[in-house]
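The values are calculated or read from the model by the stated rules, or taken from the named source; none is laboratory data. These numbers come from a predicted model, not from an experiment. Don't worry about glycine lacking a Cβ; one is built from the backbone with ideal geometry, like all the others, and counts go over all protein chains shown. Just so you know, the surface numbers come from the protein's heavy atoms only, side chains and all, with ligands and any DNA or RNA stripped out. Shrake-Rupley method; radii C 1.70, N 1.55, O 1.52, S 1.80 Å.
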Amino acid sequence: METELTPSQSLQLIQDMVQQAKQSFQKSNFYFLLWGVLFALAGVVDHLLQRAGVQMHWVIWPAMGVIGGLVSGIHGAREGKRQGVMTWMDRVQMWLWGSYTITLVLLIVAAVSWGRDPNPFVLLLTGLPTFVTGALIRFRPLMFGGVLFWMIGLLSLFVLREYSSLVFAFALVAGYLIPGILLKQHEDGLRPA
Amino acid sequence: MAFAPLDPILHNQLRLAVMSLLVSVERADFNWLLEKTGATRGNLSVQLSKLKDAGYIKVKKSFKDNYPNTACTITTKGVDAFEGYVKGIRTYLDQEL
C-alpha cells in the first residue's frame, strides 16, 4: 500500500533525506594522519641518513610513498564498500587528490632532473589540495594547514639543502598531522559510532 | 486545491525518499538506501523497480565480496522529474499561504 503525502510532508521528507545524504561523505582524517606520519618520519630519517653519509638516503621517500599508496588504497576501497555510497564530495576529493598525485610525481621528476631540491615545490603544491579540501568540508584548521604549506614552502626556498628534509617534516606535522588530529576529533564527534 | 498534477511516480513516501537521497549523491547501494529510508527489503525492491521502469533511476547489479550488490544512480530524466515535483509542491504551498 502506498502512503499518500501532503505537500508539506513531501517537502519535509525531501529536506530530511537530503540532510541524511549530506552527512554520508567519507571521513578523510585517516589520510591526513597517515601521510602526515609517513612523510614527517621520511623527512627526519632522510636528514639522519644524509648526516650519516648514506648515499641512497633519498630511497626513504619513494618507500614511504609506496607504503602510503598501498595503505590508502586498501583503506579507501574498504571504506567505500562499508559506506555503500559515493557522494559528489567524495568524487571531487578523489579527482582533486588523484590529479595532485600525478602533478606531484611529475614535479619531483622535473625538479630532480634540473638538479633542484624538490621539497619546496612539493610543499607549495601540497598547499592547494589541502586548502581546497578544508574549504570543501568547511574545516578551517585544514585550510590553515594549506596556508602553512604555502608559507613554509616559500620559506624553505631559502633554507640550506641539508636542512630541507627537516623543514619538510615540520611542514607535514603542521599542515597534515595537527589538522588531521583535529579533523578526527571533529568527524568522530559528528558521527558517533 | 487538487494535488493531482504532481508526478504520481514521485508522490509516494518511499519513492520520494529514494529520489531525494539519489539526487544528493552520485551512486548509492541498496543497503545504504535501506538504512537511510528505514524501509523493508521487499518494499524498497518494488519501489526501485517502479523508479527504474519510469526511467528515473539506473540500477546496476553486481557482486561485491561474493554477495549480490545493487547500485542505484539517478538519471537526467529522474533529476528533471524531481525538480518538477519540488517546483510543484512549492507552488502548492505558496498558494496555501
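Looking across A:GLY76, A:GLY98, A:GLY65, one residue alone is surrounded by fewer than 15 Cβ atoms within 10 Å (Cβ to Cβ), under 17 Å from the mean Cα position of the chain (by Cα), under 30 Å from A:VAL167 (Cβ atoms) and not aliphatic (A, V, I, L, M). It is A:GLY98. Return yes or no: is A:VAL45 among the hydrophobic types (A, V, I, L, M, F, W, C), out of contact with any strand residue (DSSP E or B) (no Cβ under 7 Å at 6 or more places or on another chain) and farther than 27 Å from B:ALA71 by Cα? Taking the combined requirement at face value, the residue satisfies it.
Looking at the stretch A:114-127, is at least one residue assigned to a helix (DSSP H, G or I) and open to solvent by 70 Å² or more (accessible area, probe 1.4 Å)?
There is no residue in the stretch A:114-127 that is assigned to a helix (DSSP H, G or I) and open to solvent by 70 Å² or more (accessible area, probe 1.4 Å).
Condition check: among the polar types (S, T, N, Q), within 13 Å of another protein chain (Cβ to nearest Cβ) and open to solvent by less than 70 Å² (accessible area, probe 1.4 Å). Does B:THR40 satisfy that? Taking the combined requirement at face value, the residue does not satisfy it. Highlighted here are the strands (runs of 3 or more DSSP E) found entirely within chain B that include at least 1 residues which are over 20 Å from A:ILE14 (Cα atoms): B:57-64, B:67-74. Inside the stretch A:149-188, can you point out the residues that are farther than 15 Å from A:PHE30 by Cα, open to solvent by 40 Å² or more (accessible area, probe 1.4 Å) and either of a type in the set (A, V, I, L, M) or assigned to a helix (DSSP H, G or I) (or both)? Within the stretch A:149-188, A:TRP150, A:MET151, A:LEU154, A:LEU155, A:LEU157, A:VAL159, A:LEU160, A:ARG161, A:GLU162, A:TYR163, A:LEU166, A:PHE170 qualify.
Name, by its number, the condition in (1) within 14 Å of chain B (Cβ to nearest Cβ); (2) under 19 Å from the mean Cα position of the chain (by Cα) that does not hold for A:SER8. With respect to (1) within 14 Å of chain B (Cβ to nearest Cβ); (2) under 19 Å from the mean Cα position of the chain (by Cα), A:SER8 is out only on (2).
The set of residues from the stretch B:16-53 being within 24 Å of A:TRP88 (Cα to Cα) and touching a residue at least 40 places away in the same chain (Cβ under 8 Å) comprises B:LEU16, B:VAL18, B:MET19, B:SER20, B:LEU22, B:VAL23, B:GLU26, B:ARG27, B:ALA28, B:ASP29, B:PHE30, B:LEU51. Exactly one residue among A:ASP16, A:ASP46 is within 10 Å of chain B (Cβ to nearest Cβ) and either farther than 30 Å from B:LEU22 by Cβ or of a type in the set (Asp, Glu) (or both), and that residue is A:ASP16. In the stretch B:4-28, what count of residues is obtained for those that are at the interface with another protein chain (Cβ under 7 Å from one of its Cβ atoms) and either out of contact with any Ser or Thr (no Cβ under 7 Å at 6 or more places or on another chain) or open to solvent by less than 10 Å² (accessible area, probe 1.4 Å) (or both)? Residues flagged as at the interface with another protein chain (Cβ under 7 Å from one of its Cβ atoms) and either out of contact with any Ser or Thr (no Cβ under 7 Å at 6 or more places or on another chain) or open to solvent by less than 10 Å² (accessible area, probe 1.4 Å) (or both) within the stretch B:4-28 amount to 9.
Filtered by the rule that a residue be touching a residue at least 40 places away in the same chain (Cβ under 8 Å) and either more than 19 Å from B:VAL86 (Cα to Cα) or crowded, with 20+ Cβ neighbours inside 10 Å (or both), the stretch B:54-72 gives B:TYR56, B:ASN69, B:THR70, B:ALA71, B:CYS72.
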